[in-house]
């Protein structure tokens, strides 16, 4: 690379700017257009200094070398195959779509290879292809396919055009100095500038929003702006299209408002969906998807406009969000499928390579991230990838330990949240968040339970086979709406066979649950408690869930107290979506001759009734066998309670749904009801030695010994006759609150949210 | 150890005897009682020389040292806990049963530890416990539980008493020299001799049979006979109770004949159930169970009575059977669940540690066995374990490569068999064997298909949760008979909704299928073909199955030609027990409002009908998605054919059955029908990258172009229009047979069983 003197000068200038900004976390809008930090290239995700460092280390940084080799082979194969820039024609899955998509990846990678290997063939390849795009683009009308609310030119939707530009701006940055000024002018005038305009000013319904689509648009415009040093584009990226106000009541195809409160631009897109804890309002599956443009544009801003302090924006929320995302995964690194989320997506996804590398490099070099990077077995071919490779090479990695964590939801962290309790391989994910935008499910206060990365009590996730064309083109299936989003599909209360907020997005979006308390100070007892008052008008649900490790139990068990109070008498359905084989019940049930759907709507039409029984005593017990482990449910019942064995699959002629089972506890004609349940995991089975260890529940009885507005108290008595008492404060429950109550003539005095002994 | 001089003398004697026997593979009954080889102890599975060698190597043989350490910790813990020899009272699972079972294991291990570590505390422990057994046993009546056809004294059935003696005789052998003559007399007179008599002469219905139970009895009597040097017991073990003839028509509880042809004793138990190829007639799951007494007694016989040449008996069938067993497992080492077999049982089971070590030591030191031993991560603490440990230490191990193999069934290899075709991770298991004794299923010419250890087309296995007490006490569930054994539960033809041999054991036991041909000479095309004439009187089924790797296909595919001919018109049901999610069909089907059982008996009562359609053309196509891979079935149909989506679980109030799916091809009112199907595995899906590769079938059409008594010819045309031709010779099909036929005016000339091009 050239420009070494300039480089040093710029470096000093950056230091001066940083110094000037260091006591100022607020951003000064006007300052953006005034500060010119670097005109050197590359500068986006790869920097001139980074290139120098990488070249110096090549061959001695195994994970980087390996990643480089893989990219090299991939790009070489593409170069060999020759350039193809076809006239746009197809939807996703079709040839022209796939080809242009492949091109954006190859361009970005070829650009990096040019910088790192200093081999002109890669620069030439990028240049040649860009020139073909230039020749094509200026001739293009809107894409011929009309399904999108915002049609692109290369692709059927602006979203994919934006994807293209996010990647291709990186390629352009890498060969910027390789091109003549004339060549650059040609590309910028005929390709990049009109391209950026098309996805922004020409498509405001796509661009001028707070939405993950818009984030891609903003990043695309901003990144090409940074490369071109075009302040207008950069400002448009950061703050949205100047002086444009959209109709705040218009909706998109998903039923989401196009632009309800007039916010737009990259900063607004950070501001809105992320809570101060870094929770992304649609959940981890979509955060993973949205992550790349957030981080890669942030990286570019950090490098080119350090005065923006983008990684400190909103309390450093971008890096916090990576930590939140990593914590929203099970023991195998698979994301909890909150809202729409396809199971199996994990932090081995490429977007997470970006996230982990950037978090390590621009954050505080958490050695735990190195262990994830090592498992990912690849790094970015940029400054952050180099940092990770060096960290691993130097043996700095430590295990990434996921702890119990409470993540607030909402721009200001005041719209509920998600609590995760973890203890010795048992993980409880409790959702008391806001609606989660158009990808949200109607499942207030629902939970799922995991053991060592395996689902014990599942959340269904979405109903979609992403990119498997045979299943509805790989798009959302209608069962996503008729089943996956409905309340009965989740481990929470369904009242009168109707979903929360009657399944209406407009209503659901107005509300959120509220945290009662979260406590993870003690390893042995961890508790999360939250309240929901709006899902069913007139009904309040207060749910307190604990993971308790007690010396008289083999493993931590789950305690669940769901206190429902209503002005009217209702039917409450309370499901347990277990997996595996039924072992034993302590209640009698009848098995129908033929299987019929449990209802006709709100998800019930998809469940078959496989068995119907009545609770026979004060405790209903149900045990099952899954993944070579034994599980037992003990739940407080009365003899009017019904127990329904249900199985998914009714009214599913296309076999879109899995045939998963559930046990549903049903209470009819009830105003107030406190559901109290314990789920134990115990023992194990080996199919090789055929030995069953500890296959029985350790619980003789659980009992609600007090249930008032202020307190709910539960005793758990083991088979050996030992009794534990758990008291939760339903109202006055700060950490310092003092309590003194009498239960069965005995005084209990403590301070804090709960009592356990 | 003492007696070194004696040892050398005995060694020379053995050599002389071996020399005398070397040209005589027949066994001389009279010679047994005359040859006294060794009075030195230990001599059963551990020998004096072996002890010497082991002691010399200790600390330098990692896998042996590790195994020893584990056993030491286990036995030390038992010694610490103290001896308990309770008065017998319980069935399996109860305390006294479990305690006596634990005791036999501990005694055997403590004996080994005494020999290997030369630490008297282990000998004393064995002696003390044996004395407690001596004191107890002489007071014992029959076990109080009455369920067994042959009650034991320590346990509810003689089988478990025999288990005890097989292990405890090893312990006695190890401390034989530690005891005084008086102590030995006491034990032999009051415990061992009456114990051996009870399970043999006092329980002939148990002992005097060809049955895996009897094998345990024979081994028990024989092993204690070897230790006590009691020729009467040894002969009783080898040849059965002298001069005893049982009623040949009596049956046991399972419906098996007690002693149909009067055979008995250990040698008869080798003779009958094993084919010359080493296939065990009940299948691999029960072979694994039966293996231990066969091998451990054989080891004892080999050491004490080498003149018997037990490992050469019947062409070396004992060692061959180990090789057969190892080959009857999938890529993960899990046994194919032929007949009654619980899935998940694998060659990591302890019985297989014995089998692998003995096979290595007494066989030809196959380096492949070392790699299995390494995965098992333990060895026997005896001469054979030492040999394996040394082999591993010396780095001799090689991968154990399972190849395509044909295993004959029947004492003389003339009762059908099992063929396994393997190619690049695809495994086809084709069963054309005899009934398989009382554990046999009614599934002539059935198959299952695997890919890399995962089931693609499954065999259900048994209906039992072995040792999980909540499920019917861990015993066979009634659904084993009503479902698992029935023909419709298997991937073969069910005629007129009736099982093969009308599901009658007596009839099934009279018949077996016959091999047509087996060909695995060529990697690219492997074929097995067999015929069944008796399952349905008047109907002949000829099935030819091939695994074909062709350059125009991504992976090897399965070709299946099932040619049915009958004197009468019948309904044929032809199921495919796939796993996973339905992706696509090329036929229309209706979905019933409610699910009803498919029939009322013969297994049909357990299947729900989930969808019913008619074939729409000459090929029916069905594709599904399982384990992140894509699968496609193409099968030749006509427009009268019905297609049924079925799911297991009807009439199963206890939830004993898995809710597994099937697609059933049904033809009504048909005399002759040749079912021709191809199953392709193709492509893959990654939930992490969400990319679906090669998700569509590669087949445009398959066609039966010739179907005569002599030949069936199939063309397979790919999407790209390439056509392959497969011709199978239905009758004249030896390797050298010459063929010359005309199909569509073209001549085909070849020699061998089949043609493919």
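Overview of values
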read-out: Any hit, region A:583-602, residues being free of Cβ contacts under 8 Å to residues at least 12 places away in the same chain, at positive phi and crowded, with 16+ Cβ neighbours inside 10 Å; value: no
read-out: Identity of the residue in region B:565-586, within 16 Å of residue B:681 (Cα to Cα) and not in a strand (DSSP E or B), that ends up farthest from the other protein chains (Cβ to nearest Cβ); value: B:577
read-out: Cross-chain or 6+ apart pairs with Cβ under 6 Å, region B:467-488 first and assigned to a loop (DSSP other than H, G, I, E, B), then surrounded by fewer than 22 Cβ atoms within 10 Å (Cβ to Cβ) and at pLDDT below 95; value: B:467/A:690; B:467/B:474; B:468/B:474; B:469/B:93
read-out: Residue within region B:325-338 that is closer than 17 Å to residue B:281 by Cβ, away from chain A (no Cβ under 11 Å), free of Cβ contacts under 8 Å to residues at least 60 places away in the same chain and touching a strand residue (DSSP E or B) at 6+ places or on another chain (Cβ under 9 Å) present; value: yes
read-out: Out of A:692, A:713, sole residue that is within 14 Å of chain B (Cβ to nearest Cβ), crowded, with 17+ Cβ neighbours inside 10 Å, in contact (Cβ under 8 Å) with a residue 24 or more places away in the chain and more than 16 Å from residue A:573 (Cβ to Cβ); value: A:692
read-out: Those residues of region B:134-159 which are part of a helix (DSSP H, G or I) and buried (at least 24 other Cβ atoms within 10 Å of the Cβ), in sequence order; value: B:158
read-out: Subset of region A:339-366 [part of a helix (DSSP H, G or I) and either away from chain B (no Cβ under 12 Å) or within 19 Å of residue A:56 (Cα to Cα) (or both)]; value: A:354, A:355, A:356, A:357, A:358, A:359, A:360, A:361, A:362
read-out: Residues being within 17 Å of the chain's Cα centre (by Cα), surrounded by fewer than 21 Cβ atoms within 10 Å (Cβ to Cβ) and either over 24 Å from residue A:621 (Cα atoms) or more than 12 Å from chain A (Cβ to nearest Cβ) (or both) - total across region B:441-485; value: 1
read-out: Filter result for residue A:668 (more than 32 Å from the chain's Cα centre (by Cα), away from every other protein chain (no Cβ under 11 Å), free of Cβ contacts under 8 Å to residues at least 40 places away in the same chain and over 21 Å from residue A:457 (Cα atoms)); value: no
read-out: Meets criteria (surrounded by 24 or more Cβ atoms within 10 Å (Cβ to Cβ) and in the same structural domain as residue A:608 (by TED's automatic domain parsing)) for residue A:512; value: no
read-out: Residue that is surrounded by the fewest Cβ atoms within 10 Å (Cβ to Cβ), among those in region A:337-365 that are in contact with a helix residue (DSSP H, G or I) (Cβ under 6 Å, 6 or more places away or on another chain) and within 24 Å of residue A:489 (Cα to Cα); value: A:340
read-out: Yes/no for residue B:663 being within 14 Å of chain A (Cβ to nearest Cβ), assigned to a loop (DSSP other than H, G, I, E, B) and in contact with a strand residue (DSSP E or B) (Cβ under 9 Å, 6 or more places away or on another chain); value: no
read-out: Residues of region A:86-100 classified as part of a loop (DSSP other than H, G, I, E, B) and in contact with a helix residue (DSSP H, G or I) (Cβ under 8 Å, 6 or more places away or on another chain), total; value: 8
read-out: Test for residue B:546: is it farther than 21 Å from residue B:494 by Cα and either modelled with pLDDT under 95 or within 24 Å of the chain's Cα centre (by Cα) (or both); value: yes
read-out: Flag for residue B:398 being touching a residue at least 12 places away in the same chain (Cβ under 8 Å), assigned to a loop (DSSP other than H, G, I, E, B), more than 14 Å from every other protein chain (Cβ to nearest Cβ) and closer than 25 Å to residue B:427 by Cα; value: yes
read-out: Residue identified as in a helix (DSSP H, G or I), surrounded by 18 or more Cβ atoms within 10 Å (Cβ to Cβ) and in contact with a helix residue (DSSP H, G or I) (Cβ under 7 Å, 6 or more places away or on another chain) among B:407, B:369; value: B:369
read-out: Identity of the residue in region B:603-625, buried (at least 20 other Cβ atoms within 10 Å of the Cβ) and not in a strand (DSSP E or B), that ends up nearest to the other protein chains (Cβ to nearest Cβ); value: B:606
read-out: Selected residue [touching a helix residue (DSSP H, G or I) at 6+ places or on another chain (Cβ under 9 Å), touching a residue at least 40 places away in the same chain (Cβ under 8 Å), at positive phi and within 13 Å of chain A (Cβ to nearest Cβ)] from B:656, B:628, B:651; value: B:651
read-out: Condition met for residue B:555 (assigned by TED's automatic domain parsing to the domain that holds residue B:457, touching a strand residue (DSSP E or B) at 6+ places or on another chain (Cβ under 9 Å) and either buried (at least 23 other Cβ atoms within 10 Å of the Cβ) or farther than 24 Å from residue B:458 by Cβ (or both)); value: no
read-out: Whichever residue in region B:587-602 is part of a loop (DSSP other than H, G, I, E, B) and within 8 Å of chain A (Cβ to nearest Cβ) and, among such residues, is nearest to the chain's Cα centre (by Cα); value: B:596
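The values are calculated or read from the model by the stated rules, or taken from the named source; none is laboratory data. Just so it is clear, the model here is predicted, and its values are computed rather than measured. Neighbour counts run over all protein chains shown; Cβ positions are idealised from the backbone, glycine included.
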